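Here is the structure we will look at, set down as structure tokens.
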Amino acid sequence: MRILGIDPGSRVCGYGVIDLVPARGELAYVECGVLTAPEDWPMEKRLGEIARLLGDVIRELAPKLVAVEDVFSHVNARSALALAQARGMALAVVGIAGLEVASYAPSIVKKTVCGSGRAEKEQVARMVQVLIGLRTLPRADAADALAVAITHARTSRGSARMLDAIVRAR
């Protein structure tokens, strides 16, 4: 199963794609990167450009499922609103593509990947690098997107194993 992880942003949107190979229980790295638009563009134009680029990624890499990081509360309401708008744009692009979406809180992503819900960005990036065998450290936004995809892969594998155990127990 190919999973696209998205770390939404109104200036920089991280994406990361992994394949879950259930027979071997492995995660295989496919691609990661960031989608950007010029900072001096108005919000609607930046979001439109990132949406276009995200649509290109979806068409090219053909994920079966998308995992997106939830909006977390900011002290700054303006930042929270911009992040919510970027997340909404990403969900719209995914919806147009007809893909299923799973959402994960940042603390769950950090706990799943690093073992602590309070891990720093650098720690998340290093763990992502180790978990999927990257030679170099990914950019922070791409690392966060890969971490969301890894979280979904681990969560769905765990759920499938739990369901299988329940069925066998009956």
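The values are calculated or read from the model by the stated rules, or taken from the named source; none is laboratory data. Only a predicted model underlies this, so the values are computations on that prediction, with no experimental measurement involved. Backbone-built Cβ (ideal geometry, glycine too); neighbour counts: all protein chains shown.
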Might you check whether a residue that is surrounded by 16 or more Cβ atoms within 10 Å (Cβ to Cβ), assigned to a loop (DSSP other than H, G, I, E, B) and of a type in the set (A, V, I, L, M, F, W, C) occurs anywhere in region 101-111? no
Select from region 50-74 the residues that are out of contact with any strand residue (DSSP E or B) (no Cβ under 8 Å at 6 or more places or on another chain) and either surrounded by 14 or more Cβ atoms within 10 Å (Cβ to Cβ) or not basic (Lys, Arg) (or both) and list them in ascending order. ALA51, GLY55, ASP56, GLU60, VAL71, PHE72, SER73, HIS74
Would you call ARG118 modelled with pLDDT under 95, part of a helix (DSSP H, G or I), exposed (fewer than 12 other Cβ atoms within 10 Å of the Cβ) and more than 12 Å from the chain's Cα centre (by Cα)? no
Cβ-Cβ distance below 9 Å, separation of 6 or more or different chains: which pairs start in region 77-93 with a residue that is surrounded by 15 or more Cβ atoms within 10 Å (Cβ to Cβ) and end on one that is of a type in the set (D, E, K, R)? ALA82/ARG11; ALA86/ARG11; ALA86/ARG46; ARG87/GLU69; ARG87/ASP70; VAL93/ARG52
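Take VAL30 and decide whether it is part of a strand (DSSP E or B) and modelled with pLDDT of 95 or more.
yes
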Log entry, pairs with first residue in region 57-70 being at pLDDT 95 or above and assigned to a strand (DSSP E or B), second being among the polar types (S, T, N, Q) and surrounded by 13 or more Cβ atoms within 10 Å (Cβ to Cβ), beta carbons closer than 9 Å, six or more apart or on different chains, reads LEU65/SER156; ALA67/SER103; ALA67/THR151; ALA67/THR155; VAL68/SER103
Give all pairs with beta carbons closer than 6 Å in which a residue from region 18-30 that is under 18 Å from ILE58 (Cβ atoms) meets a residue that is of a type in the set (Lys, Arg); count only pairs at least 6 apart in sequence or on separate chains. ASP19/ARG2
